[in-house]
Structure formats: structure tokens, C-alpha cells
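> There's a structure below that I have some questions on.
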There are 2 protein chains.
Amino acid sequence: MKSETESATKRPHVVIVGAGFGGLACAQALGNTEIDVTVIDRRNHNLFQPLLYQVATAALSPADISEPIRRTLGRYENIHVVMAEVVSVDAPARTVILKDGGSILFDRLVLATGSTYNYFGHQDWQQHAPGLKSVHEARDIRHRLLLAFEKAERSTDEAEKRNLLTSVVIGGGPTGVEMAGAISELGRFMIAQDFRRLHPDQLTVLLIEAGPRILSTFPETLSRYASDYLAGIGVDIRLNTPVEDITAEGVQAGGTFLPASCIVWGAGVKASPAAEWLGIEPGAGGRLPVAPDLSVTGTAGIYALGDTALAVGKDRNPLPALAQVAKQQGIFLGRALKANLLFGKPIPTFHFRNRGNTAVIGRNAAIFDFGSWQIKGRLAWLLWALVHVYLLVNFEKRLLVSIQWIWRYSTRQRGARVIDETAVAATVPATEAKDRAAS
Amino acid sequence: MKSETESATKRPHVVIVGAGFGGLACAQALGNTEIDVTVIDRRNHNLFQPLLYQVATAALSPADISEPIRRTLGRYENIHVVMAEVVSVDAPARTVILKDGGSILFDRLVLATGSTYNYFGHQDWQQHAPGLKSVHEARDIRHRLLLAFEKAERSTDEAEKRNLLTSVVIGGGPTGVEMAGAISELGRFMIAQDFRRLHPDQLTVLLIEAGPRILSTFPETLSRYASDYLAGIGVDIRLNTPVEDITAEGVQAGGTFLPASCIVWGAGVKASPAAEWLGIEPGAGGRLPVAPDLSVTGTAGIYALGDTALAVGKDRNPLPALAQVAKQQGIFLGRALKANLLFGKPIPTFHFRNRGNTAVIGRNAAIFDFGSWQIKGRLAWLLWALVHVYLLVNFEKRLLVSIQWIWRYSTRQRGARVIDETAVAATVPATEAKDRAAS
């Protein structure tokens with residue numbers, strides 16, 4: 001009798017690991033219901049990754065595109081937020097194990113842990129070529145870029161100056177294209193405006209792609225448009241150029257060594273180690289194979305979504321690792337779990353609706369692929385800006401980002417050109433520039 | 001004959017070390033003249049220090065109050081900016097020696113290097129109790145504060161929870177008062193809004209002052225107003241309480257050990273080591289004694305201003321280490337050097353005009369002391385906000401900060417609550433919280 005009373009009063013408990021687009025959408029769909037929800041994330045904030053390249057290129061501040069998870073979920077009485085790192089999942093015991101020794105029991109588990117950059121077995125490359133997945137990495141890239149210009153201004157060695165003014169972006173996907181375009185625009189403007197001893201033509205931005213074209217997930221016409229635009233703003237694109245090695249001095253690619261001061265990695269992602277936690281053999285890209293209802297194959301009550309899940313689309317191909325996929329899956333799963341846990345309804349099949357794929361290339365240039373039709377150029381760029389401002393979490397951030405974009409568009413000035421003192425202490429080298437020593 | 005021709009074409013060269021309020025004002029006054037100006041700073045940006053406490057308490061982003069020095073001075077063709085660290089000055093050889101081995105010759109040298117926090121011989125305290133002089137320190141304090149709340153939410157040990165929710169601010173000057181008020185307001189709001197397992201009454205903010213009253217440079221009525229206001233928002237003020245020791249666990253003060261998670265140092269500044277560079281015996285607070293024309297006593301062609309200089313006011317007392325003093329001295333010295341170098345005019349005597357002294361205490365509360373009259377409360381707070389927005393370098397930052405303030409005033413939300421991933425990795429402890437382990 002006692003256990004029956006208990007089970008009658010005990011509310012079901014859904015644990016969501018990861019508060020990215022997918023995890024947050026899932027939690028919100030479960031908000032203010034008779035279900036207990038615990039959201040676990042290593043970070044205290046949700047990061048709007050599509051605009052992270054603008055933090056890396058000194059156009060926005062980290063806080064402009066970050067929102068505390070507690071703030072987003074604060075209005076839901078039934079959601080509890082835990083800032084902690086997950087190290088494993090004990091599926092039979094229905095328990096998530098945390099790094100600090102804590103553990104959390106669940107009735108249903110949603111794995112929405114996203115992805116990290118894939119260095120294809122060369123993890124040591126990461127220190128020289130950060131990716132763009134966290135505020136820390138974006139700030140790191142910003143420091144490298146800005147410091148390189150400061151050093152170049154003071155250098156009297158032409159070869160050193162050339163290397164300092166060279167950036168290499170690895171990977172011709174949307175992130176690589178955005179970064180290459182933004183670095184070229186930032187560099188040319190900053191040099192022309194603020195540096196007395198440098199000339200914009202001394203700037204080199206290389207975009208390196210192992211395959212035969214950039215933006216390979218887009219139609220060829222859009223790839224060609226992007227290539228032409230990038231070439232026009234001074235980006236040197238190297239196709240069919242696989243990376244062989246990365247050091248502190250530069251990149252070895254396609255048989256040539258390219259000395260560079262700033263190297264950015266954007267060449268492919270892999271799922272975070274959720275498969276390892278479960279002891280399950282992962283599918284392509286480290287992703288967890290899931291059934292049409294997003295349940296992880298071979299488990300009960302465990303679901304995966306977004307970059308963590310290897311879900312299959314209508315065309316039998318895996319769904320891409322995109323924010324819109326994660327968000328749609330999160331909303332779907334949240335609603336389905338609610339109906340299942342409260343009313344015993346089965347979880348239906350998830351169907352992805354493609355809202356269009358986009359990449360921004362530069363000032364006034366973006367591309368959109370809606371499947372049956374495409375747009376490119378200034379109109380696409382305006383649409384890109386509107387969509388991204390709209391997708392930001394709240395009115396304050398929308399307003400702040402809009403103002404900074406309008407300001408930047410009219411003045412070309414970059415607002416967030418702050419080099420952290422610790423970065424300077426660590427990396428300013430002993431150049432031999434004897435400023436005015438002979439004057 | 002040759003040397004005469006040379007001296008006829010060679011333009012005089014003024015070197016300014018430090019691009020704070022004083023150095024920048026001096027450089028701008030020398031802008032677009034027939035004088036070569038070199039501005040040297042360790043940082044690439046000028047930091048609006050009066051608002052740094054708002055970065056530390058997650059209200060603003062570093063970029064909102066930082067401006068690249070190159071951007072501020074970019075419009076002056078005759079000004080050259082060098083990002084480098086000065087290690088000494090060879091006065092007889094009229095040369096500034098840089099850390100990287102470079103050296104810069106000068107005809108006139110202006111030392112505007114500001115001040116650092118004075119730990120009164122206990123430099124090891126700095127790691128536990130950062131001051132508020134740089135973006136790095138402000139971010140450090142922000143991380144400590146926000147992480148402590150996250151840890152407290154997960155702690156099941158009441159003593160640990162109490163320590164995590166305790167902050168100690170050392171020094172009852174304007175910085176200490178601003179920080180104590182801001183931490184109390186931030187903490188209470190965040191707990192009430194976002195943390196399920198904490199109660200605002202668990203928060204403790206201690207303001208420790210060695211002397212008999214806070215804000216001792218202000219009239220007593222304003223000190224009393226500030227004390228009452230702070231007590232009202234939950235700040236516990238301890239007067240006549242000298243600090244004896246600071247460890248990672250807390251502060252030993254007035255014979256008592258106060259365990260705390262976040263310790264902020266605001267107890268007095270000392271000039272940066274310009275006196276050491278010159279091999280001159282410094283005056284009070286490490287400042288360089290200067291003549292009425294701001295020339296450093298015992299040197300020729302070397303000037304000091306702002307926190308670096310020990311200038312004497314009309315009342316024979318040293319001028320305070322305030323932004324307005326530095327700025328007025330910078331403008332004065334820039335104009336005087338121009339008249340001196342181009343037209344041979346002697347450098348006159350500097351006179352400080354007191355524009356009023358202010359401190360902000362909390363939402364709707366600030367104080368202003370104009371010498372013969374004072375204001376306090378909401379009106380003073382509004383004036384404080386207007387003055388500080390006006391003092392920001394450009395229209396974009398004024399707009400961005402205004403919007404964030406208006407937003408925060410209406411919602412009490414803090415926009416910049418981002419904990420950096422590296423900070424988390426370094427400091428999240430292994431608490432034993434077994435979340436829901438028994439559910």
C-alpha cells in the first residue's frame with residue numbers, strides 16, 4: 001500500500017543533459033507541467049553559436065550572444081538547473097553520474113550534448129588552431145588576431161611582418177567561410193584606419209578546403225557566388241588542399257608550409273562523448289543511432305537529439321548537424337514526453353521540416369538555400385541579419401546586437417577590440433623593433 | 001651647417017607613456033600639430049575604470065567600457081601608437097627602454113602610467129582578493145561571484161553554503177562602496193529569481209574599513225547616508241577593522257576570521273613604478289613629486305600627471321588620484337607642451353578645478369560633493385548616470401550602455417552573466433551533492 005501511495009504522488013523526472021538549442025527547446029516544452037525536469041550543463045549560459053564568429057572578429061561581445069540558462073528557464077517552476085559536468089550514464093540504474101561525484105536519477109533521459117570540433121586524431125592541433133564552439137575559443141582567436149597586428153606594426157623584418165599578417169582558416173563550410181570573410185574585412189579596415197606602418201595589401205587570408213569546392217552542402221551556383229565574393233575581398237581559397245600538419249608557426253597543407261599567426265579550425269565536427277557514457281558503439285561522426293522517435297537504439301527511456309543523434313531524414317540520409325534540426329527535435333521530444341508521461345500516449349515519429357540553409361560571406365553578402373529556390377547577395381544578407389536578430393533570446397539582446405550591426409554597417413568600426421591583459425602577458429614576443437632609435 | 005639644417009627639419013618628439021584619462025587627453029591636445037607624438041601602452045585599449053565595477057557584477061561587457069587606443073587617436077596623423085611595456089627610462093640619454101628590447105628616443109616625456117592596488121607589502125593577497133583595475137580582474141571577480149552561487153545551489157552542507165554566499169569587500173572608498181552595493185543587489189535578485197534552493201537572506205556582503213567611517217573623503221553627512229543605504233540593502237559594514245591576512249578561504253580582520261568565496265580589494269592604490277624607472281625617490285603612495293608645471297623634480301623635459309604625479313593643490317594638500325585630475329592635467333600639459341615646443345612659451349602653473357566628487361551606492365542612490373553643496377539619493381543617481389554615459393568615448397558606447405542601464409533598471413536583469421569555460425574547469429570543486437539521489 002505504501003509504495004502505491006508513493007508512486008501516485010511521485011512526479012516523473014526527465015533529465016536533460018545539455019542546454020543548447022535542442023536541450024533548451026525540450027525543457028521549455030516541458031515547462032510548467034506536472035513533470036520534474038532537471039537540466040544539466042557544464043556552462044551557466046546558452047551560447048548563440050551562429051554569431052560566435054562575430055565575437056572572434058571583435059564585432060560583438062560574448063554577453064551579446066550568451067544567455068544564462070537559469071534566466072531562460074527561471075519562469076518554469078518545475079525545472080531545476082544544475083551546472084555540472086556529466087561523466088557517464090548508468091542506464092540500468094537510470095542514473096547520470098557527475099564529475100564531482102554527484103549522481104542524478106531519471107525516469108527519462110534526453111542527451112542533447114552537441115558536438116565538438118573533430119581534429120581527426122590530431123588533438124595536439126587544437127592549441128594552435130582553435131575552433132569556434134565556446135566563448136573562450138572566440139576570445140582566444142580575437143586575441144591572436146589583434147595581437148598579430150600590434151606585433152606587425154612594430155616589426156622591421158619583412159618576412160616576420162608577412163607571417164604576422166597571415167591568417168589561415170581551415171575548412172570551407174559555413175564557419176570557415178564566415179571567418180575568412182570577417183577576418184579579411186576586419187584586417188583591411190583596421191590596417192587602413194589605425195596602423196601607420198602597415199598596408200592593407202600586406203594582409204593574407206587563406207581559406208583551405210580538402211574537397212573540390214567550398215560550401216559543399218549548398219548548390220553549386222551558391223558555392224561559386226561565395227568563392228567569387230571572397231576572392232573579391234582578398235581571401236585566397238585553396239581547394240583540394242588537405243591539411244597535413246599544424247604547428248605554432250603555421251599549417252602544412254597540400255605539400256606546402258604556410259606560415260601564419262592566426263589559424264582557425266572549422267573542418268568538421270564530431271558528437272560529444274554521449275555514446276561513450278552509454279557504452280554504445282557510435283555511428284558516423286560519433287553520433288548516437290536513434291529510432292524514428294529519437295530513442296537511442298538498444299536503450300529504454302533514453303533519447304538523443306541535435307548533433308548528438310544520428311537521425312535519418314525522409315531521403316534516408318542522416319539529418320545535418322544544424323541548429324534548426326536540434327530545435328525542432330527538442331520541441332518535438334518535449335511535447336511527446338509530456339503526452340507520454342502524463343497521458344500514456346506513445347511517442348510518434350519525428351519529421352524534419354527544412355527551413356532553409358544559410359551562410360554569411362561578408363558585408364552585404366549571404367546565401368540562402370530553400371531547397372527548390374535560392375537567394376544570394378544583399379537581399380540574402382538582410383534576411384540573414386533579420387533572422388539572426390530574431391533568433392536571439394530576448395528583446396534586450398536583439399536591440400543591442402541590432403544597434404551594433406547598424407553602427408558597424410555605417411562606420412565599419414568594430415566595437416569589441418579588447419585584448420585581455422593575460423593574453424598579452426603570455427604572448428607578446430621580444431621583437432627587435434628599435435622604434436625611432438635612429439631618429 | 002648640416003646639423004643646423006637637420007635641426008630645422010626635425011620635428012620635436014613627445015613620448016607619452018600610458019593611455020588612461022591623462023595620457024589620452026595630453027595626446028589629443030597635441031593632435032594634428034607639427035609635433036611627433038608616440039603613445040606607449042601595455043594595453044591596446046583605454047578602459048573607463050569608473051564603470052569597471054559593473055563589469056565585475058555582470059551588468060556590462062568589457063567592450064562596453066573599453067575603446068581601442070588606435071581608434072581614439074587614429075584621426076591624428078602625427079600620433080603613433082605603440083603597444084609595449086616600458087621597463088625603464090634613461091633620462092640622460094632621453095630614451096625609454098621597452099621590455100622587448102626596443103627603445104624610443106624623446107625630446108619630452110610624459111609619464112601617465114596610473115596606479116595599481118596597494119597590498120601594503122602583502123602581494124600574495126592579490127591572488128585571493130583581486131582589485132578593480134583591469135578587464136581581467138573584473139572578469140575574475142565576476143566568475144568567482146557567479147560560480148559561488150552555482151556551487152551554493154548544489155551544496156547540501158549548510159556551513160559550506162553560507163561561506164559560498166559570503167563576499168567580503170575590503171576598503172570603504174568609492175570602489176568598495178560601489179562593489180558592496182552592486183554585489184548585494186545582484187545576489188539578492190539572482191537568488192530570488194533563478195535559484196530554487198537558495199534564499200536571499202542567506203547572502204552576506206561584508207564591507208570592511210580600517211578607519212572610523214566609509215567614504216572618508218566625502219562630508220560626514222554623505223558618509224552617513226551611504227552607510228544607512230548600504231545597511232538597508234543588506235551590506236554589513238565593519239568599521240575600525242584592519243585586515244590582517246587574506247587566504248583562499250577568507251579574510252582575517254579585526255581579530256576575526258571571515259570565511260568568504262569572493263574577496264574584492266579596494267583598499268588604497270599606489271602609483272605604478274615610474275619613480276623606479278627614473279631612479280627617483282618617490283613621494284607618498286609611490287607618486288613622483290612634480291613642480292607646479294608638472295615637471296618631475298630633479299629632471300629636465302620629463303613630466304608626470306594623474307595618479308603618477310604628486311602634485312599639490314591650492315590648499316597645499318596633494319591632489320587626489322581621480323580621473324578628473326588626470327584629465328585636466330593631460331589637457332593642460334598637452335596645450336602647454338605645444339606652446340612650448342612650437343612657440344617657445346614657458347610652461348605655466350597647473351591649477352585644478354574641482355568638478356565635484358561622486359560615488360554610486362546602489363539602484364537609485366548616489367552622492368555628489370561639490371565642495372560648498374552636496375546632493376544625494378535618486379537625483380544624484382540620475383546625475384551620476386548622465387555624467388558617466390556622457391564621459392564614455394563615443395556615441396555607440398553611450399547608446400549601448402544607456403540601453404543596458406534602462407533595461408536593467410526596468411527588469412533588474414543583469415545582461416553579462418557569462419562564466420568562462422576556462423574559469424569553470426579551473427575552479428568547480430568536487431562537492432558531494434547527491435542531487436535527487438534518494439528520490
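Every number in this text was worked out from the coordinates using simple rules, so none of it is lab data. Quick caveat, the model's predicted, so the values are computed rather than measured. Glycine also receives a Cβ, built like all others from the backbone with ideal geometry; neighbour counts cover every protein chain displayed.
> Residues with amide H under 5 Å of B:Val269's amide H, sequence separation 5 or more or different chain, H placed in the peptide plane at 1.01 Å from N; which?
Amide H to amide H, under 5 Å and 5 or more residues apart or across chains, B:Val269 pairs with B:Asn118.
> Among DSSP beta bridges whose residues both lie in chain B, state the antiparallel percentage, nearest 5.
Working: 32 of 64 bridges.
Just about 50 percent of them are antiparallel.
> Determine the percent antiparallel among the DSSP beta bridges restricted to the protein assembly as shown, to the nearest 5.
Of those bridges, close to 50 percent are antiparallel.
> Please work out how much length the chain gains when fully extended from B:Asn364 to B:Gln127, using 0.36 nm per residue of separation minus the C-alpha to C-alpha distance, in nm with one decimal.
Taking 0.36 nm per residue and subtracting the Cα distance, the gain is 82.0 nm.
> Work out which chymotrypsin sites (Phe, Trp or Tyr not before Pro) in chain B are exposed loop sites (DSSP not H, G, I, E or B, at most 14 other Cβ within 10 Å) and give the longest gap free of them.
With chymotrypsin sites (Phe, Trp or Tyr not before Pro) excluded where exposed in loops, chain B gives B:121-369 as its longest stretch.
> Find the Cα radius of gyration of region A:1-114, compare it with 2.2 N^0.38 Å by division, and give the number to two decimals.
Normalised Rg, Cα atoms only: 1.23.
> Right, another one. Per residue of B:45-55, count partner chain C-beta atoms within 10 Å of its C-beta, then hand back the mean as an integer.
That average works out to 1.
> While we're on this one: Take the Cα atoms of region A:311-401, find their three principal axes, and give me the spread along each one in whole Å, biggest first.
For region A:311-401, the Cα spread along each principal axis is 51, 37, 17 Å.
> Also: Neighbour counts of other C-beta atoms within 10 Å: give me B:His136, A:His199, B:His13 arranged from fewest to most.
Placing the least packed residue first, the sequence is A:His199, B:His136, B:His13.
> Let me ask something else about it. With Kirkwood's inverse mean 1/r over C-alpha pairs for Rh, give me the Rg to Rh ratio of chain A, two decimals please.
1.01
> Using the Cα gyration tensor of region A:223-278, with a ≥ b ≥ c the square roots of its eigenvalues, what is the shape: rounded (a/c below 1.5), prolate (a/b larger than b/c) or oblate (neither)?
oblate
> How big is the equivalent ellipsoid of region B:185-252 along its three axes, where each semi-axis is √(5λ) from the Cα gyration tensor, reported in whole Å from largest to smallest?
26, 19, 7
> Now for a separate question. By how many degrees, between 0 and 90 and to the nearest 10, does the Cα long axis of helix B:174-194 differ from the longest principal axis of chain B?
Tilt of helix B:174-194: around 40 degrees.
> Then there is this: How charged is the neighbourhood of B:Leu322? Take every other residue with its Cβ under 10 Å from the Cβ of B:Leu322, and add Lys/Arg as +1 and Asp/Glu as -1.
Taking every Cβ under 10 Å from that of B:Leu322, the sum is +1.
> Work out the FRET efficiency for B:Lys99 and B:Asp293 from their Cβ-Cβ distance, taking R0 = 25 Å, and round it to the nearest 0.05.
Values: r = 30 Å, r/R0 = 1.21.
Efficiency, rounded to the nearest 0.05: 0.25.
> When a/c is below 1.5 the answer is rounded, else prolate if a/b is larger than b/c, else oblate, so apply that to the protein assembly as shown with a ≥ b ≥ c taken from the square roots of the Cα gyration tensor eigenvalues. Before the final figure, lay out each step's value.
Details: a/c = 2.27, a/b = 1.33, b/c = 1.71.
The shape class here is oblate.
> Other chains' Cβ within 10 Å of B:59-70 residues: what's the mean?
6
> So which GluC sites (Glu not before Pro) in region B:69-157 end up in coil per DSSP with only 12 or fewer other C-beta atoms within 10 Å? Walk me through the numbers on the way to the answer.
Values: sites: B:Glu77, B:Glu85, B:Glu137, B:Glu150, B:Glu153; in loops: B:Glu77, B:Glu85.
Loop-located and lightly packed - B:Glu77.
> Please work out the C-alpha center-to-center distance from region A:44-98 to region B:31-72 and express it in whole Å.
Comparing the Cα centres of region A:44-98 and region B:31-72, I get a distance of 31 Å.
> What Kirkwood Rh does region B:207-363 have if only Cα atoms enter the pairwise 1/r average? Answer in Å. Could you put the intermediate results ahead of the total?
Working: mean 1/r = 0.0540 Å⁻¹.
Roughly 18.5 Å, rounded to one decimal.
> Between copies, how far apart are the A:Ala231 label points? List them in nm, one decimal, shortest first, with each point 7 Å from Cα toward Cβ, please?
Here the equivalent label points are 7.6 nm apart from this one.
> I've got another one for you. Could you list A:Lys151, A:Lys345 in order of exposure, starting from the residue whose Cβ has the fewest other Cβ atoms within 10 Å?
Numbers: A:Lys151 22, A:Lys345 12.
Neighbour counts put them in this order, fewest first: A:Lys345, A:Lys151.
> Let me ask something else about it. For chain A, find the longest principal axis of its Cα atoms and tell me its angle to the long axis of helix A:378-391, 0 to 90°, nearest 10.
Once rounded, the angle reads 40 degrees.
> For B:Ala152, what is the net charge nearby, where nearby means another residue's Cβ is under 9 Å from its Cβ and Lys, Arg count +1, Asp, Glu -1? Could the numbers behind the result be given before it?
Values: positive: B:Lys151, B:Arg154, B:Lys161, B:Arg162, B:Arg197; negative: B:Glu150, B:Glu153, B:Glu160.
Charge balance near B:Ala152 sits at +2.
> For region A:50-127, how big is the tail of P(r) above 23 Å, as a whole percent of Cα pairs?
So the portion of pairs separated by more than 23 Å is 48 percent.
> Right, here's the next one. Helix-only estimate, please: 222 nm mean residue ellipticity of chain A, summing -39500 (n - 2.57) across DSSP H runs of length 4 or more and dividing by its residues, to the nearest 500.
It lands at -10500 deg cm²/dmol.
> Once you average over the residues of B:33-40, how many Cβ atoms of partner chains fall within 10 Å of each Cβ?
The per-residue average across the peptide is 1.
> Rounded to two decimal places and with Rh computed the Kirkwood way over Cα pairs, what is Rg over Rh for region A:317-364?
Taking Rg over the Kirkwood Rh, I get 1.18.
> About the Cα centre, and with charges only on the beta carbon of Lys, Arg (+1) and Asp, Glu (-1), how big is the dipole of the protein assembly as shown? Nearest 20 debye, please.
Charge dipole of the protein assembly as shown: 2460 debye, to the nearest 20.
> Any aspartates and glutamates with Cα under 13 Å of the A:Lys99 Cα? List them, leaving off those in the same chain fewer than 8 positions away.
Correct list for A:Lys99: A:Asp41, A:Glu85, B:Glu432, B:Asp435.
> Share of antiparallel DSSP beta bridges in region A:201-290, in percent to the nearest 5?
Just about 65 percent of them are antiparallel.
> So, one more: Relative to the first principal axis of the alpha-carbon coordinates of chain B, what is the inclination of helix B:135-154, with its axis defined by its Cα atoms, in degrees from 0 to 90 and to the nearest 10?
It is inclined by approximately 0 degrees.
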